[in-house]
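Chemist: Sharing a structure here in structure tokens format.
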Amino acid sequence: MNQFRLRAITNLHCNCNCQFCYQKRKEVAVLPLENLRNAVAGRRFARASVMGGETLLLKNAEEYVRIAADAAATVGLTTNGVLMDPVRAKGLAKAGVQELAVSVPSFAMYREITGADLHKTLANLEAARRYIPNVRVNITQNMYNMQAACGTPEIYLMIREVLQTGVGVVICEDITAGFEMDFPRYLDGAKLAKNEFGFETWEIEGYTFGFFHGADNYDGTDLIVTPVGNFDTWKGYCDAVGCEMR
Ligand code: SF4
């Protein structure tokens, strides 16, 4: 059976504790490799996303990537980037990671939100680009970056700042809150495209970035394999890990 996307949630625990995290359960729970192997046996996916919790807390993260790479045309890893270093980036690339998404919820409030050091995370991201050229920053809408600083909410300033460094950007909705994006109001740009899942591509000042929203648009097209069971809707997974979608 062909499906759009495999989401392999390798573990629930995380070295950050972001207040807006959709995944409220943070106990040490790890997806057995065998469960992932069994779930994808005989299936093909257009994409696979390997994610946590924080996948890089697992010494054998590469093994999850290898299984995903055998089943999917494109494999991405989503990480907070705190534990990324060149050795790991090289190993992950060799295992099959083609895209790296580093979650950065705010520049101004990064330490308060995550407890980590922004400069270190950005340096890790930069080092990883040597081995995984397709690197992007995932910016999740949240109560900090949606606040206006000098008239413009930080999230719009972040988009421009990151894009100017040559790194990609995807804006991810906060599924627990009701924030609305208004790109044309704050950025000089326009929507270029919207796919069948509602994923939008925007252009500003010659750069393109993505806007991922409407997680339930993917219902039935995803296989979500996690330490707490397998799901075909994001809501099913959220219910299992204590998140209330709005
Ligand atoms: S880094 Fe991601 S998984 Fe970890 S607490 Fe923050 S939002 Fe949740």
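Chemist: Is there a residue being in a helix (DSSP H, G or I) and more than 16 Å from the ligand (Cβ to nearest atom) anywhere in region 110-125? So that I can check it myself, show each step before the final result.
Modeler: Taking region 110-125 first, the residues in a helix (DSSP H, G or I) are 110-114, 118-125.
Among the residues that remain, those that are also more than 16 Å from the ligand (Cβ to nearest atom) are: 119, 123.
Checking region 110-125: at least one residue is in a helix (DSSP H, G or I) and more than 16 Å from the ligand (Cβ to nearest atom).
Chemist: For residues that are among the hydrophobic types (A, V, I, L, M, F, W, C), within 16 Å of the ligand (Cβ to nearest atom) and either part of a loop (DSSP other than H, G, I, E, B) or in contact with a Lys or Arg (Cβ under 8 Å, 6 or more places away or on another chain) (or both), tally how many sit in region 129-159.
Modeler: Count: 2.
Chemist: Give the residue, chosen from ALA73, ALA46, ALA68, that is within 22 Å of ASN230 (Cβ to Cβ) and assigned to a helix (DSSP H, G or I).
Modeler: Details: ALA73 fails: assigned to a helix (DSSP H, G or I); ALA46 fails: assigned to a helix (DSSP H, G or I).
Checking each option against the conditions leaves just ALA68.
Chemist: Taking the conditions exactly as written (farther than 30 Å from ALA148 by Cβ and modelled with pLDDT under 95), does LYS59 satisfy them or not?
Modeler: no
Chemist: I'm trying to understand the selection: among the residues of region 78-100, which are among the hydrophobic types (A, V, I, L, M, F, W, C) and surrounded by fewer than 22 Cβ atoms within 10 Å (Cβ to Cβ)? Steps first, please.
Modeler: First, pick out the residues of region 78-100 that are among the hydrophobic types (A, V, I, L, M, F, W, C): 82-84, 87, 89, 92-93, 95, 97, 100.
Once the filter is applied, which keeps residues that are among the hydrophobic types (A, V, I, L, M, F, W, C) and surrounded by fewer than 22 Cβ atoms within 10 Å (Cβ to Cβ), region 78-100 yields VAL82, LEU83, VAL87, ALA93, ALA95.
Chemist: Considering only residues that are among the charged types (D, E, K, R) and modelled with pLDDT under 95, which ones fall in region 1-42?
Modeler: Going through region 1-42, the residues among the charged types (D, E, K, R) turn out to be 5, 7, 24-27, 34, 37.
Once the filter is applied, which keeps residues that are among the charged types (D, E, K, R) and modelled with pLDDT under 95, region 1-42 yields ARG5, LYS24, ARG25, LYS26, GLU27.
Chemist: Look at region 54-92 and say how many of its residues are free of Cβ contacts under 8 Å to residues at least 60 places away in the same chain, over 17 Å from TYR131 (Cβ atoms) and away from the ligand (no atom under 16 Å from the Cβ).
Modeler: Of region 54-92, the ones free of Cβ contacts under 8 Å to residues at least 60 places away in the same chain are 54-67, 69-70, 73-77, 79, 81, 84-92.
Filter once more, keeping what is over 17 Å from TYR131 (Cβ atoms): 54, 57-60, 63-64, 67, 70, 73.
Next, from what is left, pick out any that are away from the ligand (no atom under 16 Å from the Cβ): 59-60, 63, 67, 70, 73.
Of the residues in that region, 6 qualify.
Chemist: Among the residues of region 10-29, are any at negative phi, surrounded by 18 or more Cβ atoms within 10 Å (Cβ to Cβ), within 16 Å of the ligand (Cβ to nearest atom) and assigned to a helix (DSSP H, G or I)?
Modeler: no
The values are calculated or read from the model by the stated rules, or taken from the named source; none is laboratory data. On a predicted model such as this, the values are computed, not experimentally measured, just so you know. Glycine gets a Cβ as well: all are built from the backbone with ideal geometry, and neighbour counts include every protein chain shown.
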